[in-house]
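Single-structure report; data block below.
The values are calculated or read from the model by the stated rules, or taken from the named source; none is laboratory data. The model shown is predicted, which means the values in this text are computed figures rather than measured ones. Cβ placement follows ideal geometry from the backbone for every residue including glycine, while neighbour counts extend to all protein chains displayed.
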Amino acid sequence: MTTSSNEKQTSTQLALVTYISFFHKLEEEIQIIIQHWIRVLRIRLGWIQDFDKLIVDYVMFLFVNLFFIQIIVDATTVLILDSFSSSSKLINTFTGHTDPVLSIDFSVFDNNQLLCSASYDKTIRAWDVETNQQIQLFSGHAGPVCCVKFSPYHYHNYHRNVICSSLGGKTIYFWDVKHNQQFQVFDEHNGWIGGIEFSPFNGGKYVCSGSWDKTIRLWDVETSKSLHIFKGHKNVVKCIDISPLQSNNNNNESNDIGVIGGNGYTICSGSCDNTIRIWDIETTKPLILFKGHENFVASVKYGSNELINTILSGSWDKNARLWDIRSGQQIQIFNKHTNYVCAVEYSPFVIKNSDEIIDGNSKVICSGSDDNTIRFWDIRSNKKELYIIKGHKKDDGICCLKFIELKKKVKNNEQNLKNNGCINLFYGSGNGPIRVWG
């Protein structure tokens, strides 16, 4: 695995340069302030020998220690794309699926790091990431399994490890991983279900689904009831996402504004009508329509932090595009793929020698394609890819991808996990294997 030691070293060096220049300026400003104090004190108290030197030293000591500690902490969490691209390699493969892997998700349950996967081979598989072993197989589905997600609702409320899946058979199932048991079903769609997404608010109490019946539904996981239907697309809804958790809400507490507690949240959907739509999750009203893609929209993602007002999309027109939610306009197009773009993600990496090192906000996105490549892009320019990962020659394309930060068990307590600065890129291939780069 590629650790972040190089990233930390580079980030710390850059942070120190910033730190030194900052304090040169700070010291000059403090001297000016101190001189003003001295003039006042000379009048009121009389002269105190070396008073200004004592004050400057004391103030500088406080500022230096507080600022230096913070900047070093921040620097160690920055992940540099250059370091990842220069040292990363294929480090693991999960084998078992025999057809395209359409979806993967990650969760930690009882200190075990788990992966789940959905495939066109009509199966769901659960894996122990640390041992690289398959721990569960859910088979016998009527059609391809299009999407899987670990259920945060069952984890938070029942400490139960549950996988939610959407099928080509018009149905959403909930599976108990431990007992290999199906225990909950949503079946009101009239077509295949392409994507599912849990609400970031109210502890994942709601799940959203997009279907080939051209609609999106919002479900109450607790009651199994369909609460809202979103209508407007003129063709299949292939992918969906829900806007990220807002800073003024706690993940496990209810926001009592609105019918379901989702006031201010939105749903984004991509369709085979070549459009992207944004919906108000409480009122079901369409808010924004993005047009520009020239073929099916296969993947949509909301940005976060500094990019919270953006949408990233991938399409069968071989392009990835970045959109501005506020203006409703396209910001950038990334058009170097030679086949369908099946998956897009905002990357956790930043670019060396850029302002991102200081603010910690990534401006790097990536896209996975049927051309068997994963490409990294700077959102500020579409002229050149920053980095390209070429899939295994037998992969037959990249169907889905996910950045995962793995943890390692503490040596003196094997039951606990801690961060080890390890970012890995997992992707599902068109031929069945799940690959890991790190």
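Sort through 351, 379, 308 and tell me the only one that's assigned by TED's automatic domain parsing to the domain that holds residue 422, of a type in the set (A, V, I, L, M, F, W, C), touching a residue at least 60 places away in the same chain (Cβ under 8 Å) and surrounded by fewer than 16 Cβ atoms within 10 Å (Cβ to Cβ).
Sole residue among the options that is assigned by TED's automatic domain parsing to the domain that holds residue 422, of a type in the set (A, V, I, L, M, F, W, C), touching a residue at least 60 places away in the same chain (Cβ under 8 Å) and surrounded by fewer than 16 Cβ atoms within 10 Å (Cβ to Cβ): 308.
Report whether or not residue 300 is modelled with pLDDT under 95, crowded, with 19+ Cβ neighbours inside 10 Å, in contact with a Leu (Cβ under 9 Å, 6 or more places away or on another chain) and in the same structural domain as residue 207 (by TED's automatic domain parsing).
So residue 300 fails the test.
So which residues in segment 201-245 are surrounded by fewer than 19 Cβ atoms within 10 Å (Cβ to Cβ), more than 19 Å from residue 313 (Cβ to Cβ) and over 19 Å from the mean Cα position of the chain (by Cα)?
220, 222, 223, 224, 225, 226, 227, 229, 231
Residue pairs, Cβ under 7 Å, 6 or more apart or interchain, first in segment 397-422 and under 29 Å from residue 145 (Cβ atoms), second at pLDDT below 95 and among the acidic types (Asp, Glu). List them.
422/405
Identify the residue in segment 275-315 that is under 22 Å from the mean Cα position of the chain (by Cα) and in a loop (DSSP other than H, G, I, E, B) and, among all such residues, is farthest from residue 364 (Cα to Cα).
If we take residues in segment 275-315 being under 22 Å from the mean Cα position of the chain (by Cα) and in a loop (DSSP other than H, G, I, E, B), then 281 is farthest from residue 364 (Cα to Cα).
Could you say which residue among 91, 80 is at pLDDT 55 or above and in contact with a Lys or Arg (Cβ under 6 Å, 6 or more places away or on another chain)?
80 is the lone residue from the list that is at pLDDT 55 or above and in contact with a Lys or Arg (Cβ under 6 Å, 6 or more places away or on another chain).
I need every pair where a residue in segment 271-282 that is in contact (Cβ under 8 Å) with a residue 40 or more places away in the chain has its Cβ under 7 Å from the Cβ of a residue that is in a loop (DSSP other than H, G, I, E, B) and of a type in the set (Lys, Arg), sequence separation at least 6 or different chains.
Short answer, once both residue conditions are applied: 273/234; 279/285.
Looking for whichever is loosely packed, with under 15 Cβ neighbours inside 10 Å, modelled with pLDDT of 95 or more and of a type in the set (D, E, K, R) here; the options are 149, 178. Which one fits?
Selected residue: 178, the only one of 149, 178 that is loosely packed, with under 15 Cβ neighbours inside 10 Å, modelled with pLDDT of 95 or more and of a type in the set (D, E, K, R).
Filter segment 158-180 for residues that are in contact with a strand residue (DSSP E or B) (Cβ under 7 Å, 6 or more places away or on another chain) and not in a loop (DSSP other than H, G, I, E, B) and give the result.
162, 163, 164, 165, 166, 167, 172, 173, 174, 175, 176
Against the condition at pLDDT 60 or above and surrounded by 15 or more Cβ atoms within 10 Å (Cβ to Cβ), how does residue 122 come out, does it pass?
yes
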